[in-house]
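Bear in mind these aren't lab numbers, they're just calculated from the coordinates by the rules spelled out. This is a predicted model, so every value here is computed, not measured. Don't worry about glycine lacking a Cβ; one is built from the backbone with ideal geometry, like all the others, and counts go over all protein chains shown.
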Amino acid sequence: MLLHACCAPCLMAPYKHLSEKYDITIFWYNPNIQPYREYLRRLKAFKEYTKKIGAKVIYDYSYPLEDWLYKTSILSKKSNVLRCKYCYADRLYRTAQKAKEMNFDLFSTTLLLAPYQKHELIKEIGEKIGKSTGIDFYYEDMRKWFDEGERMAREAGIYRQGYCGCIYSEADRYWREKIE
Ligand code: SF4
């Protein structure tokens, strides 16, 4: 299985459980993480952790910032859901393409872990992309492992970010706090 990972903390519990049943290779592709310094910080934590556990990892360092912001700023004006939809589809499509290119049987994502993600939308997009690329999308409700993942990340002392990834989510998380 090619498992897309959004960050190290969200990888921990899904990797532990899925590795019991599947031969997992992890895929890093996250151009939604902004600003770039934050991207590097999460990538560093991810690299340190995956190295420590001896995981197989494929990196895609593409970071099409202008393109990403151009598309999402238009969508974001309409709704957050449309913006996230683009963000999920971009990362899942790239994962499925890589899985196809390298002859994996399945692809999936650790985005299915966090309760604050749009879970049903991720599932729907993953399944659609699975059908269109001919690589099966592996779905499991990974939210059942969320608390365990949080505990594992705390115990490992790994960097845990305070917002989802994009600058819109950063503003949602911190902007109001600073003004009031
Ligand atoms: S809030 Fe998260 S999922 Fe939605 S667009 Fe931003 S980074 Fe992507």
In sequence order, what are the phi-derived ³J(HN,Hα) couplings for region 92-104 according to the Karplus relation 6.51 cos²θ - 1.76 cosθ + 1.60 with θ = phi - 60°, rounded to whole Hz, with x for glycine and proline? 6, 5, 4, 5, 5, 4, 5, 4, 5, 4, 9, 6, 7
Considering only Cα-Cα distances, which of the following residue pairs are longer than 23 Å: K47/K131; K71/K118; K85/K128; K21/K123? K47/K131
Which one, L92, L113, L75, has the greatest fluctuation when you compute a Gaussian network model over the chain with C-alpha springs under 10 angstrom? L75
Scan around T109 for amide H atoms under 5 Å from its own, H built in the peptide plane at 1.01 Å from N, and keep only partners 5 or more places away or cross-chain. H4
Using a/c under 1.5 as the rounded threshold, could you call the chain rounded, prolate or oblate? The axes a ≥ b ≥ c are square roots of the C-alpha gyration tensor eigenvalues, and prolate needs a/b larger than b/c, oblate otherwise. oblate
For region 40-53, just list the computed ³J(HN,Hα) in residue order, Karplus coefficients 6.51, -1.76 and 1.60, θ = phi - 60°, integers in Hz, with x standing in for Gly and Pro. 5, 5, 5, 5, 4, 4, 5, 5, 4, 5, 5, 5, 4, 8
Packing-ranked peptide list from 142-151, 22-31, highest mean Cβ count within 10 angstrom first, is 22-31, 142-151
Set the Förster radius R0 to 22 Å, insert the Cβ-Cβ distance between K100 and E66 as r into 1/(1 + (r/R0)^6), and round the FRET efficiency to 0.05. 0.20
Using the Cα gyration tensor of region 1-75, the equivalent ellipsoid's semi-axes, largest first and to the nearest Å, work out to 26, 13, 10
If you find the alpha carbon centre of region 1-15 and of region 89-136, how far apart are they in angstrom? 13
With θ set to phi - 60°, apply the Karplus curve 6.51 cos²θ - 1.76 cosθ + 1.60 along region 150-155 and write out the HN-Hα couplings as whole Hz, x wherever there is a Gly or Pro. 4, 5, 4, 5, 5, 5
